[in-house]
Every structure is written in structure tokens, then in C-alpha cells.
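Have a look at the structure below before the remarks.
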Amino acid sequence: MDKKNILIFWFLFTSFLGLILIYVAALNLQPVKIEVSQITSELIGRSVLTSGKIVQKTPNSAGHLFLMISDDKSKIQVPIFASLMNDLKKNNITENDFKINKLISVNGLVGEYRGQLQILPRKVSDINLK
Amino acid sequence: MFLEILLFSILGICVGTITGLIPGFHINTLIPFIMGMTFLFASPYYLTAFIVSLTVTWIFISYIPSVFLGAPQEDTSLAVLPGHRLLLEGRGYEAIKLTIIGGMGSLMITLILVSIFSTDFSNFYDMLRPYIQYLIAIVVLFMIASEKRLRKILSAVLIILLSGFFGIITLSSSLVPSENVFFPMLTGMFGLSTIIISMKGKSKIPTQKEDSNLNISKVDLLKSILLGSVAGTLIGGETRSFLVSLSGIRVAHEVVSLLSLYIIQTPRSGASIAIQKILPELAFYDVVLMIGVICFASGIAVLITMFLGKRIPKLLAKLNYKYLCLSVIIFMLIMIFLMTGVYGLLIVFTSTSIGLLCAHLGIKKSHCMGCLLIPSILIFSGLNGVVLSILGI
């Protein structure tokens, strides 16, 4: 094997090693806790943890539930899709548990829908009603 | 009022010059700090003038560390390689001049376009948004196809997948604060890997030529200013045209981001988010003020960039190239550690490895942009959450 190929294999190995280490670190890291008012479009695609009061609740015929949460300074939408709602039901959390003015903590990805920022929770543990 | 605005614009230019010269420093790191000091500004217009002039100056000046030290920002990363190539040919000053011409040309065209079509931008944005992922995917396919030979095409796919996966896990995790994450990501891929390779051969930066010649035809220069980011990424071949295009894209992006508050009522950058907080109800004359400050600051920033672009390479040419490269590498690693901690070092180790792998496979460095292109495709297509759920992040 010539020197060029050895270098290619070496850098391939170090690239994979780095990726594995970053992946393991990302798996074990808690998301950043942030206030609702600090969530901006700069954070789109990133995982955040935020909390606030439920100020609006809009159920949907398809089984989705759209919440609006607020920290008094700002508001953000939290869509809970039907698949997650079903998982929540299995854990004895139903639509009725999401009461107006109730405190909620949400962990999810920051996204944008029709120009509005939102946080997308993906699993049961991403939602914590207080 | 006019004198005060002028004064705060000049202050912004001074701060923009200093921050632009710091390798890897992003303006978004400074904006929250400025927003905490609003009490120092008697009027929101002074603060707006300060932020706008600071941002515009920083864009021009930050090409100096990108070209001469290989320290990129998220949008200067592709300029490192061609800029460094010209530096090693003794044409570092020409590289800086090309970025200035690209930036100023694009600034004028952008301002004209915004003035004419400002009312249509909102509709255009709404119309285009659902299809952005397809446009990016086409760019990726063209990038791969541009390699022509099968072995290189396969290598390009490997690099795009590796850097794409790297981008997905790095950008979506909380390993590094979001405002600093691009520093270790892009410094490794485009900066450190380039410096490490160029260290092998050269022992000295050649004496830099300061003539006013630009080795690019007027037609190519004009075409490069007009070309968009898609074409810029795809062409990648002709060093000079590429630098002009890239600088043009960057300036156009920042100017449109600043004016997006008025055009589409949505902030698109750290500076525009800050301005939205300072001036929540942006009126037509506020935009006129911003355009005035942009023109004033860019004019002064160009003069400063040319002045520094002439002197800094002269200084670098006196130093031993290998020692200079080693010092830059050590300095970058210290900066990355201070700004992003141990995880930043892990990210820069991985990104440098991918950059070196790309260079040894003999394919274009632009494939490393997969670290931004692949996550963008996922975000715009709404698949980001699904992929991250599969990965368990």
C-alpha cells in the first residue's frame, strides 16, 4: 500500500472516530434550557428545553393538539402530533390534562411553520406537565 | 440627530474592524452583549446605526483572517482555499481586492433590486419556501456530478455523507453554543486542513505583489458579481471568479437579512433580530436610514480592508511560513477551546480529519459543505425530527 492510500485510510479512520465520539457525547447531553423569548430563527434545527404557561389549546380532528406556550415576554407554538398524543395516552396523559394556565416544560427541535417558530416534541419524555 | 448617528456609525466601524480581525469571531457572539448595553444609547436609532455599521464592516474585514490565516466563518469557508492559493502565489492583496469588488458590486445590485422589488419579495419568499429543499438537493447532485470520473464521484458521495452526518449531529445537539458552533466545524474543514497541507511544501510566504492588476477579465468579473450562490458553489474552478462571487453572495445575504424585517417582516440574522427588538415597528424612513448607514459603513470598511490587506501579508511574508502555520494552528485551537470548550476541540478534530480526507482523495473542498447542505435539506423538508428521532438525539 502506498503512502497516499495509507493517509486516506488514516483520515477515514480519524473521521469515523471523531463522528462516533461526537455522537456518543450528543446522546448523553441534556438540551440547553432556554426561555421562550430567547428562541429565535437562529436556533432552527437545534434541540432546546423550555417552559411556560399554556395560553392556548387547539385540538385537531386528525388527533393533533396545538398548544401555545408563553413565558409572559413571548409566545411559541408547540404542536403535538397524533402519534405522540397516542403515546401520551398510553402514559395516562390525555388532551384534558393540557389545561390553560398550566405550566409545561417542553424539550424539542426548533422549527418554523408558515413563518412562525415552533418547538416540536418527539417523545413522551419531551413533555412534562407541572 | 444626524451627527450622533454618524458618530455611532463610526463607532460601529471601529468595533467591526477589531472584531473582523479576530480569527473565527462571529458577530452574533457580540450582539447579545451589545443588547445588554442599550442604556448607553440615548436613542434606538443610534443603536441601530451602530449595529448596522458594525455588521457591514465586520463582513468586509473578516476576509482578512479568512484569506491570510485560513480562519473561516460559516459564509467565508469556501474563500479560504482560493484565498490561500493566491496568497502562496504572492497575490494575497489581489484576493482581498477581489472580495471587495464582489462585495461592493453585489451591494449596489442588491440595493437596486430591493428598491424595485421590495413589495414582491414576500410573495416570492412564500412561493419558494416549500421548494428550497429540492433546490439544495439539485445543487448537491451537480456538485457530485462535477467530479466526472467514477472514483472521484464515489469519493464526493463519501465526503458529502460524512460531512452531512457530522453537520446533523453537531448542529442539532447542545455540544457547543449555537452562536459559536460554526467556528470549530468550518475552521477544521477549510482552515486547518488547508494550512496543514500547504505547510508540507512551502517554507515561506512569497513576497506579495501590490500592483493594481486584477488577473480576471471584465466580463468574468461582471458575471461573477451577478452569479448566485448556487453557481458559485458549482463553478469552484476559477479562483478569482469564485472569490468575487462568494463575497458578493455574502454581502447580498447580509444586506437582505438586515432589510428582511421590512421586506418579509421576518428577521434572518443575528443583527436583524436585534434591530427587530430595538425598532419593533419598522417604518419606511427607518429602512432609508439603514440603507444610508450600510452605504456609509461599507465605503469606509472597503478603505480599511484595502489598507490592512496591503500591510498584513507584507508582515506575514517576513515570517517563517512553517512557524507561522504552526502558530496559527495553536492559536486557532486555543480560541476554539476558549469559545467552545472540550467539545469544540472534538468537533475541530473531526472536521480537520474530514477536510484532510477530502484533500487526499483529490476532490473539491466544496463537498465538505455537505455539513450545512444536508441538515438544510432535512430542515426544509421537515425530516429533521424524524432523522434525529432515529438517531436518538
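Here are the numbers for the structure shown:
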| read-out | value |
| --- | --- |
| B:LEU388 open to solvent by less than 40 Å² (accessible area, probe 1.4 Å), within 11 Å of chain A (Cβ to nearest Cβ), modelled with pLDDT of 85 or more and in a helix (DSSP H, G or I) | no |
| Residue list for the stretch A:41-71, filter: among the hydrophobic types (A, V, I, L, M, F, W, C) and open to solvent by less than 50 Å² (accessible area, probe 1.4 Å) | A:LEU43, A:ILE44, A:VAL48, A:LEU49, A:ILE54, A:LEU65, A:LEU67, A:MET68, A:ILE69 |
| Complete set of residues in the stretch B:336-367 that are of a type in the set (A, V, I, L, M), under 25 Å from B:LEU246 (Cβ atoms) and either assigned to a helix (DSSP H, G or I) or within 11 Å of another protein chain (Cβ to nearest Cβ) (or both) | B:ILE336, B:MET339, B:ILE347, B:VAL348, B:ILE354, B:LEU356, B:LEU357, B:ALA359, B:LEU361 |
| Residue check, A:GLN38 under 25 Å from B:VAL181 (Cα atoms) and open to solvent by 20 Å² or more (accessible area, probe 1.4 Å) | yes |
| Exclusive hit being open to solvent by 10 Å² or more (accessible area, probe 1.4 Å) and within 30 Å of B:PRO65 (Cα to Cα), set B:MET104, B:MET127 | B:MET104 |
| In the stretch A:18-40, the residues that are farther than 30 Å from A:LYS99 by Cβ and modelled with pLDDT under 90 | A:ALA26, A:LEU27, A:ASN28, A:LEU29 |
| Number of the exception - A:GLU35 against (1) more than 8 Å from chain B (Cβ to nearest Cβ); (2) without any contact (Cβ under 8 Å) to a residue 24 or more places away in the chain | (2) |
| Residue in the stretch A:14-31 that is polar (S, T, N, Q), surrounded by 13 or more Cβ atoms within 10 Å (Cβ to Cβ) and facing chain B (nearest Cβ under 9 Å) present | yes |
| In the stretch A:90-130, the residues that are within 14 Å of chain B (Cβ to nearest Cβ), assigned to a loop (DSSP other than H, G, I, E, B) and surrounded by fewer than 13 Cβ atoms within 10 Å (Cβ to Cβ) | A:ARG114 |
| Residue in the stretch B:368-382 that is modelled with the lowest pLDDT, counting only those that are open to solvent by 40 Å² or more (accessible area, probe 1.4 Å) and within 11 Å of another protein chain (Cβ to nearest Cβ) | B:GLY382 |
| Single match in B:LEU333, B:LEU316 (criterion: touching a residue at least 12 places away in the same chain (Cβ under 8 Å) and open to solvent by 40 Å² or more (accessible area, probe 1.4 Å)) | B:LEU333 |
| Among the candidates B:ILE96, B:ILE168, B:ILE160, B:ILE132, residue that is of a type in the set (Val, Ile, Thr), within 14 Å of chain A (Cβ to nearest Cβ) and in contact with a Phe, Trp or Tyr (Cβ under 7 Å, 6 or more places away or on another chain) | B:ILE132 |
| Any hit, the stretch B:67-82, residues being in a helix (DSSP H, G or I), modelled with pLDDT of 85 or more and among the aromatic types (Phe, Trp, Tyr) | no |
| Qualifying residue in the stretch B:139-155 (condition: assigned to a helix (DSSP H, G or I), open to solvent by 20 Å² or more (accessible area, probe 1.4 Å) and of a type in the set (S, T, N, Q)) | no |
| Subset of the stretch B:156-178 that is within 21 Å of the chain's Cα centre (by Cα) and among the small types (Gly, Ala, Ser) - its residue that is surrounded by the most Cβ atoms within 10 Å (Cβ to Cβ) | B:SER163 |
| Test for A:LYS73: is it part of a helix (DSSP H, G or I) and out of contact with any strand residue (DSSP E or B) (no Cβ under 8 Å at 6 or more places or on another chain) | no |
| A:SER70 being polar (S, T, N, Q), at pLDDT 90 or above and touching a helix residue (DSSP H, G or I) at 6+ places or on another chain (Cβ under 7 Å) | yes |
| Qualifying positions in the stretch A:73-85 - within 24 Å of B:LEU383 (Cα to Cα), more than 14 Å from chain B (Cβ to nearest Cβ) and either open to solvent by 40 Å² or more (accessible area, probe 1.4 Å) or modelled with pLDDT under 90 (or both) | A:GLN77, A:ALA82, A:MET85 |
| Residue match in the stretch B:195-210 (condition: at pLDDT 70 or above and under 22 Å from B:ILE59 (Cα atoms)) | no |
| Contacts under 7 angstrom Cβ, first residue in the stretch B:138-158 being among the aromatic types (Phe, Trp, Tyr), partner open to solvent by less than 50 Å² (accessible area, probe 1.4 Å), 6 or more apart | B:PHE142/B:LEU234 |
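The values are calculated or read from the model by the stated rules, or taken from the named source; none is laboratory data. Source: prediction; values computed, not measured. So basically every Cβ, Gly included, is an ideal-geometry build from the backbone, and we count neighbours across all protein chains shown. Keep in mind that these areas ignore ligands, DNA and RNA; they rest on the heavy atoms of the full protein, side chains included. Shrake-Rupley method; radii C 1.70, N 1.55, O 1.52, S 1.80 Å.
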